[in-house]
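**Student:** First the structure, which I've put down as structure tokens, then a few questions once you've had a look.
The values are calculated or read from the model by the stated rules, or taken from the named source; none is laboratory data. Predicted model only: the values in this text are computed from it and were never measured. Every residue, glycine among them, receives a Cβ derived from its backbone with ideal geometry; neighbour counts consider all protein chains shown. With ligands, DNA and RNA removed, areas are computed over all heavy atoms of the protein, side chains included. Shrake-Rupley method; radii C 1.70, N 1.55, O 1.52, S 1.80 Å.
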Amino acid sequence: MRIAVLGGKGGVGKTVLSIALASELGAVLVDADVTEPDTPAYLNLERERDVTEVRARYAVRTDGCAGCERCLEVCPWRAVDDPIACDGCGACAIACPEDAIELRETELGRIAESREPELGLRVVHPETEPWAPELADIVHRMIPEDEDCVIDCPAGLGCPVIAALSAADAAVLVTSPDPAALHDYRRAEALTREFGLPAVRVLNRAGSDEREGFDVVIPEDERVLRAALDRDPGGLVHALREPARRVAELLPDGG
Amino acid sequence: MRLAVTGGKGGVGKTTIAAHAHRLLGWTTVDLDVTTPNLHLYLDCEEEARSRVCLIGPEVDPDRCTLCGECARVCHSGAVIVGRSWDLDPGLCHGCGLCLDACPRDALTPREIEIGEVREYRVRETGARLLSGRLNVGDRRSRHLVRHLLDHTEDRPRLLLDTPAGAGKEVYDVLRAVDAALVVTQPTPAALRDLRRLLRVIRVARVPHVVLINQADLSERWTRRVEREVEVPTWRAPRVDDPLGSDELRDVVREALDGLREEAA
């Protein structure tokens, strides 16, 4: 089973819950936050192997350029000659009447697989430049083929989250009780519904008040913060063991 | 001055700080976190207008189309497919217009493909405008909507931009469009890791910046590490019960904004 953990808003506890859930299920943890992967900040990862290289194309004008700027007209980012902004789509090369655009290839990093020795957890995580293009493709390449995994999604509901949901069998939706997080969570819920996925709804850092509509409620817990600050994966998983178990039980076939 | 509030990791307080900055500066403000826009919830504001945001894609006239396939050949995103009939997947179109130009029979005409909307609010306290980009749920073209908002506010000399989480191409697009950036972080290992990556992007974009360490009292040790690593001025903001109502937090944001103006000068 593949489980996507998402929530919309950043900082609601997606990554810590993903770690606890992957640990509970004995599943591979996939860090789908390609531009800002955080699992290495919570875990003491020992690298096992490179899964694959990440390469990208970028467009540059060559000597044949007549200066008509047709390439810039068809590029929404005006990114010709700017490898950071260019997404390598190649529209400029098709548009150029002089055939003067060259698409060069460059290596932007790799996808790595590491082990967290204390937890016995396997983690697949990106190690690319933050400006890597085609984030959805990178996410798809990180998801193991025949193994259970927990996919920790980035904040927002963009391409990488959509990629994770399209590969997932179930979702875990996480929010905190503040209005902004609940607003983003509603959009995350709508997106998950579009994929027809069963979802476990988690309210994290709950006070004493609102808990209606949630399957699992996790009270505010200083131990989680301490474990994150001390980089103590064992303490982190220990603090979240009970809620992670509840989430696992509520997943189809118990995860 | 055009100013971005940014921060790498989600949940470090970007939008809270952006709300304070809006109230201090009174400038038109743009919420660029288009997949999860929520700055309007941090401000007392009323919606005044709403407009659709569309890309321009192709519409086919079947009487003219000979299924020659020229449009599909120039479509790098795979949105146009020509077999025994002509087909467009509007969700894949990036609006480059190459197909419209390529058709030898003039069988394609422009049509709108909606990707989201812009809501315009009036903030009661400042009288200033908040433009909030809202991508349709499930749409993959967030970067296009960010681009749309940047293009439509290009001529404003004073603008405050709230950036989405992350450090990818969308964030780079925002950074390229501003004169200075207020970088918000927290004293935690994850936020510091994300800050380092974001600062690399900021340096590539060559944007003057300062760093505000939000909730600095969470950890003296990690606050010091941030201060040691960062080569620009930093400010410490305290943990407070009511972040939006806190005078103490507002004062730190004011100092950081003053510092940022000095950096940018």
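**Student:** Mind checking A:73-81 for the average number of partner chain beta-carbons within 10 Å of each residue's beta-carbon?
**Tutor:** Working: counts 2, 8, 2, 11, 8, 3, 4, 0, 0.
Whole-number average of other-chain Cβ neighbours for A:73-81 is 4.
**Student:** Bins of 10 Å, beginning at zero and ending with the bin holding the largest distance: percent of Cα pairs per bin for segment A:62-106, please.
**Tutor:** Histogramming segment A:62-106 at 10 Å steps yields 30, 61, 9 percent.
**Student:** Kirkwood Rh, chain A, all Cα pairs: how many Å? List each step's numbers first, then the result.
**Tutor:** Working: mean 1/r = 0.0514 Å⁻¹.
Hydrodynamic radius (Kirkwood, Cα only) of chain A equals 19.5 Å.
**Student:** Please report, in whole Å, how far the alpha carbons of segment B:80-119 spread along each principal axis, starting with the longest.
**Tutor:** 40, 19, 12
**Student:** Follow-up question, since we're still on this one. Please state the relative contact order of segment A:62-106 as a whole percent: Cα pairs under 8 Å, 6+ residues apart? Present the calculation step by step, with values, prior to reporting the outcome.
**Tutor:** Values: 44 pairs, mean separation 20.0, N = 45.
Across segment A:62-106, relative contact order equals 44 percent.
**Student:** Additional query: Can you figure out the FRET efficiency of residue A:249 with residue B:264, using R₀ = 45 Å and their beta-carbon distance, to the nearest 0.05? It would help to have the intermediate numbers written out before the result.
**Tutor:** Working: r = 54 Å, r/R0 = 1.19.
That gives a FRET efficiency of 0.25.
**Student:** Choose one answer from B:29, B:15, B:234: the residue with the largest mean-square fluctuation in a GNM of chain B with alpha-carbon springs under 10 Å.
**Tutor:** Maximum among the listed residues: B:234.
**Student:** Gain in length, residue A:195 to residue A:82, computed as 0.36 nm per residue apart minus the alpha-carbon separation, to one decimal in nm? Display every interim value, and only then the final one.
**Tutor:** Values: separation 113, 0.36 × 113 = 40.68 nm, distance 3.55 nm.
Length difference between fully extended and current span is 37.1 nm.
**Student:** Right, here's the next one. Mind checking the mean number of beta-carbon atoms from other chains within 10 Å of the Cβ atoms in A:126-132? Can you show the working numbers first?
**Tutor:** Details: counts 0, 0, 0, 6, 13, 8, 2.
Rounded to a whole number, the mean comes out at 4.
**Student:** Something else: What ranking of A:208, B:77, B:51 comes out by heavy-atom accessible area, probe 1.4 Å, highest first?
**Tutor:** Values: A:208 110, B:77 40, B:51 60 Å².
Descending accessible area places them as A:208, B:51, B:77.
**Student:** For peptide B:39-49, compute the average count of partner chain beta-carbon atoms within 10 Å of each residue's beta-carbon. Please list the in-between numbers first.
**Tutor:** On the way: counts 1, 2, 7, 2, 0, 0, 0, 0, 0, 0, 0.
Averaged over the peptide's residues, the number is 1.
**Student:** Give me Rg over Rh for chain B, both radii from the alpha carbons and Rh done the Kirkwood way, two decimal places.
**Tutor:** Numbers: Rg = 21.7 Å, Rh = 20.1 Å.
Result: Rg/Rh = 1.08.
**Student:** Pairs of alpha-carbon atoms within less than 8 angstrom and 6+ residues apart define the contacts here; what relative contact order does segment B:1-155 have, in percent? Could the numbers behind the result be given before it?
**Tutor:** Numbers: 262 pairs, mean separation 47.6, N = 155.
With pairs under 8 Å counted, the relative contact order is 31 percent.
**Student:** Describe numerically, in nm with one decimal, the distance between label points set 7 Å from Cα along Cα→Cβ at residue A:141 and at residue B:44.
**Tutor:** 5.2 nm
**Student:** Work out how much length residue B:241 to residue B:154 would gain on full extension: take 0.36 nm times their residue separation and subtract the Cα-Cα distance, in nm to one decimal. Walk me through the numbers on the way to the answer.
**Tutor:** Numbers: separation 87, 0.36 × 87 = 31.32 nm, distance 3.69 nm.
Taking residue B:241 through residue B:154 to full extension adds about 27.6 nm, to one decimal.
**Student:** May I pose another question? Hey, what did chain B get for relative contact order, percent, Cα under 8 Å, at least 6 apart?
**Tutor:** Numbers: 542 pairs, mean separation 71.5, N = 265.
Over chain B, the number comes to 27 percent.
**Student:** Can you pull out the buried accessible area for chains A and B, both sides counted, probe 1.4 Å, rounded to the nearest 100 Å²? Could the numbers behind the result be given before it?
**Tutor:** Details: alone 12270 and 13260 Å², together 21290 Å².
Heavy-atom accessible area buried at this interface is about 4200 Å².
**Student:** Would you mind pulling out the separation of the Cα centroids of segment B:1-74 and segment A:172-187, in Å?
**Tutor:** 20 Å
**Student:** Heavy atoms of the protein only, probe of 1.4 Å, neighbouring chains included. What is the accessible area of residue A:251 in Å², nearest 10?
**Tutor:** For residue A:251, solvent-accessible area is about 10 Å².
**Student:** Rounding to the nearest 10 and keeping the result within 0 to 90°, find how far the Cα-based axis of helix B:189-205 lies from the longest principal axis of chain B.
**Tutor:** Here the helix axis deviates by roughly 60 degrees.
**Student:** List the residues whose amide H sits under 5 Å from the amide H of residue B:8, counting only those 5 or more places along or on another chain, with H placed 1.01 Å from N in the peptide plane.
**Tutor:** Amide H neighbours of residue B:8: B:166.
**Student:** Enumerate the calculated ³J(HN,Hα) couplings along segment A:216-229 in order (Karplus 6.51 cos²θ - 1.76 cosθ + 1.60, θ = phi - 60°), each rounded to whole Hz, writing x wherever the residue is Gly or Pro.
**Tutor:** 9, 10, 10, x, 3, 9, 4, 5, 5, 4, 4, 4, 5, 5
**Student:** Going by amide H atoms built from the backbone, whose H comes under 5 Å of the H on residue A:110, apart from near neighbours?
**Tutor:** Here the answer is A:54, A:127, A:128, since their amide H atoms fall under 5 Å of that of residue A:110.
**Student:** Once both labels are modelled 7 Å past Cα along the beta-carbon direction, what's the residue B:136-residue B:85 spacing in nm?
**Tutor:** Label at residue B:136, label at residue B:85, 2.0 nm between them.
**Student:** Show me the ranking of peptides A:25-34, B:194-203 by mean Cβ neighbours inside 10 Å, starting with the highest. It would help to have the intermediate numbers written out before the result.
**Tutor:** Details: A:25-34: 25.2, B:194-203: 21.1.
Listed from highest to lowest mean packing, they are A:25-34, B:194-203.
**Student:** Right, something else. Considering the Cα positions of the protein assembly as shown, please state its Rg to one decimal place and its Dmax as a whole number of Å.
**Tutor:** Both quantities, over Cα of the protein assembly as shown: 23.1, 72 Å.
**Student:** Then there's this: Net charge within 13 Å of residue A:217 by Cβ-Cβ distance, Lys/Arg positive one each and Asp/Glu negative one each, not counting residue A:217 itself?
**Tutor:** Numbers: positive: A:201, A:205, A:211, A:246; negative: A:209, A:210, A:212, A:215, A:220, A:221, A:242.
Net charge around residue A:217: -3.
**Student:** Once neighbouring chains are kept in place and the probe is 1.4 Å, which whole percent of the accessible area of segment A:1-129 is contributed by carbon and sulfur?
**Tutor:** Carbon and sulfur together cover 38 percent of it.
**Student:** Quick one: which residues, 5 or more positions from residue B:180 or on another chain, have an amide H under 5 Å from its amide H? H modelled 1.01 Å from N in the peptide plane, none for Pro or chain starts.
**Tutor:** Those lying under 5 Å, H to H, from residue B:180 are B:2, B:4.
**Student:** Please compute the net charge surrounding residue A:248, taking Lys and Arg as +1 and Asp and Glu as -1 over other residues with Cβ under 13 Å from its Cβ. Present the calculation step by step, with values, prior to reporting the outcome.
**Tutor:** Numbers: positive: A:241, A:245, A:246; negative: A:24, A:148, A:215, A:242, A:249, A:253.
Residues near residue A:248 contribute -3 overall.
**Student:** Mean-square fluctuation check for chain B, GNM, Cα pairs under 10 Å: which of B:145, B:98, B:131 is largest?
**Tutor:** It is B:98.
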